[in-house]
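Since the structure comes first, as C-alpha cells, the remarks are kept for the end.
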Amino acid sequence: MLALSNALIAELPTGAVPATRSPPPATRRRPSGADLDRGRMTAASPRRPETIAVTAGRPTAAPGEPLNVPLVLASNFRAGTPDAPVTEYSRDGGTATWHALEAAVGALEGGIAAAFASGMGAATALLDLVPVGARVVVPTDSYSGVRALLFDGAALGRWNVDQVDITDTAATVAAVAGAGSDSSGRPADLLWLESPTNPLIDVADLTALCRAGREAGALVVVDNTFATPLGQQPLTLGADLVLHSATKFIGGHSDLLTGIAVAASRDMAARLVRRRQLAGATPGALEAFLALRGLRTLPVRLARAQESAGVLAARLLEHPAVERVRYPGLADDPGHALAAQQMNGFGAMLSFEVSGAAAADAVCRALRVVTNATSLGGVESTIERRAKLAGQEHIPPGLLRFSVGVEHVEDLWDDLSAALAAG
C-alpha cells in the first residue's frame with residue numbers, strides 16, 4: 001500500500017468527531033484550527049487505507065453513543081455568547097454530518113478536507129484561490145466541466161488558460177515555467193492536473209509535475225476522482241490541493257452530488273472553507289451522510305471493480321472489433337510504468353475505441369447489463385461515447401469510456417462481446 005506522508009501528519013488526534021448527544025459539540029462550536037485538522041491521520045494510528053475508510057469520521061467512542069454520526073438536519077443553532085461563541089448557522093461552520101465526511105476523506109488523502117455541494121462547486125472554490133489575471137495550465141484531456149469553467153472565466157478576463165498534453169512531461173514543465181503560447185514568459189499561477197485523465201486515461205508524472213509547479217511558485221491541484229483516495233494520494237507526491245467528485249467512486253451508488261477538496265496546509269483549508277461559506281456551495285445533509293456511507297465500502301467496491309477492469313481490458317485488447325484499449329494496467333499501455341510507480345492498482349476506469357461514432361453508438365444500444373449513461377464510479381457499470389459532447393473535439397469519435405462496476409466479470413464480458421458483435 002502507498003503510505004501517507006509523515007510530513008502531512010498532524011500533531012492532534014483525528015479521525016473521530018465529537019460525540020453526538022444533544023446537540024453535538026461539532027455543530028455548535030465556531031471552527032478552530034483543531035476543527036480544520038479533523039481530517040488528518042496521527043502518528044499514533046498509522047492504519048492502512050482500507051481500515052481508515054471504515055474507522056475515520058466516527059463519533060467519539062463512549063458508552064451509549066451511536067457508531068455513526070447521525071444525519072444532522074439543521075440550518076441554524078441556538079446562539080452563544082460573546083464569551084462562548086458558537087456556530088449559529090450551518091453555512092458558516094458546518095454540521096457534524098459534514099465534519100464526519102471531511103474527517104474520513106482527509107484522513108485517506110493525508111490532508112484537511114472540505115466538502116462542497118458538488119465536484120464543480122469544489123472546483124470553483126479551488127479556482128477562486130488564484131488572483132484575477134492568473135495564468136492556469138490545464139491538460140487538454142481533462143474533465144470537460146472544469147475546462148468549460150476555465151474557458152468561461154478566460155472569456156470574462158478572469159484568468160488566462162494554456163492547455164498541455166500532460167503525457168509530455170518536458171513540454172508541461174516548460175509551459176509551467178512560462179513557455180505557454182499565451183504566457184509571454186510568465187510562470188503559471190495554477191497547475192491543474194488529472195491522472196488518469198478523463199476520458200483518455202492518460203497518466204501524468206505527478207511527482208515531476210508537482211515539483212515543477214512548486215519551483216514556478218504555482219498552486220498545484222490534482223483531480224483524483226478516477227484514482228480515488230485508495231488508489232493514489234497526490235499530496236504525498238507534492239500537490240497542494242486534491243479534488244474529488246464524491247458523486248463518483250466515493251459515493252459509489254449514483255444517488256448523490258457532492259464534491260470534496262483536500263488541502264495540504266491549514267491555511268489553504270481555511271481559504272477553501274471561506275470560499276464555500278461566501279459562495280454558498282455547501283453540501284446537503286443527506287448527501288454528506290450518503291457519501292460517507294459510500295466511502296465505508298469503497299475498499300471492497302474498488303477492489304472488485306479494479307480486478308474486473310483488468311480482465312476486461314485484456315479481453316477487449318484481443319477482440320477484432322476493438323481498435324485500441326486505454327488502461328494503465330495493460331503492460332504495453334504508455335502510462336503503465338508511471339501508474340505502477342505512483343498508484344496502488346490501476347483503477348476501474350478504461351476506454352476503448354471501435355471503428356467510429358456509428359459503431360460506438362451501436363455498441364451502446366446493444367448492451368443489456370452495462371448501462372449507457374453518463375457519470376461513473378457507481379456499483380453499476382456505465383459506458384458513454386464522450387465525443388458526442390461539446391468540448392470533446394480531441395477525443396476519437398469511436399472512443400467509449402467504460403466505468404467498471406461490481407457485477408460478475410463474466411456477465412460483463414458476455415454483454416460486451418455480444419454488443420461488439422451486434423455493432
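The values are calculated or read from the model by the stated rules, or taken from the named source; none is laboratory data. Please read these numbers as outputs of a predicted model, since none were measured by experiment. Methodologically, a virtual Cβ is constructed for each residue, glycine included, from the backbone with ideal geometry; neighbour enumeration extends over all protein chains shown.
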Item to check | Output for segment 207-237, where each listed residue is out of contact with any Gly (no Cβ under 7 Å at 6 or more places or on another chain) and assigned to a helix (DSSP H, G or I) | outcome: ALA208, LEU209, ALA212, GLY213, GLU215, ALA216, THR228, PRO229, LEU230, PRO234, LEU237
Checklist entry - So which of VAL262, VAL173 ends up being touching a residue at least 12 places away in the same chain (Cβ under 8 Å) and touching a strand residue (DSSP E or B) at 6+ places or on another chain (Cβ under 7 Å)? => result VAL262
Item to check | Positions within segment 275-323 being assigned to a loop (DSSP other than H, G, I, E, B), free of Cβ contacts under 8 Å to residues at least 60 places away in the same chain and either among the charged types (D, E, K, R) or surrounded by 18 or more Cβ atoms within 10 Å (Cβ to Cβ) (or both), in sequence order | outcome: none
Item to check | Of all residues in segment 388-423 being assigned to a helix (DSSP H, G or I), modelled with pLDDT of 95 or more and among the aliphatic types (A, V, I, L, M), the one that is farthest from SER254 (Cα to Cα) | outcome: ALA421
Item to check | Total residues in segment 88-118, condition closer than 18 Å to PHE289 by Cβ and assigned to a helix (DSSP H, G or I) | outcome: 16
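Could you tell me how many of the residues in segment 65-87 are polar (S, T, N, Q), more than 26 Å from the chain's Cα centre (by Cα) and either assigned to a loop (DSSP other than H, G, I, E, B) or surrounded by 12 or more Cβ atoms within 10 Å (Cβ to Cβ) (or both)?
Qualifying residue count, segment 65-87: 2.
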Checklist entry - Among the residues of segment 276-294, is there at least one that is under 22 Å from the mean Cα position of the chain (by Cα) and on the phi > 0 side of the Ramachandran plot? => result yes
Checklist entry - So, in segment 238-260, of the ones that are within 19 Å of ALA204 (Cβ to Cβ) and assigned to a strand (DSSP E or B), which residue ends up farthest from the chain's Cα centre (by Cα)? => result LEU241
Next on the checklist: Quick check on segment 364-387: of everything there that is of a type in the set (D, E, K, R) and part of a loop (DSSP other than H, G, I, E, B), which residue is nearest to VAL325 (Cα to Cα)?
Outcome noted: ARG385
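Would you point out the residue of segment 346-363, among those that are among the hydrophobic types (A, V, I, L, M, F, W, C) and assigned to a strand (DSSP E or B), that is nearest to SER245 (Cα to Cα)?
MET349
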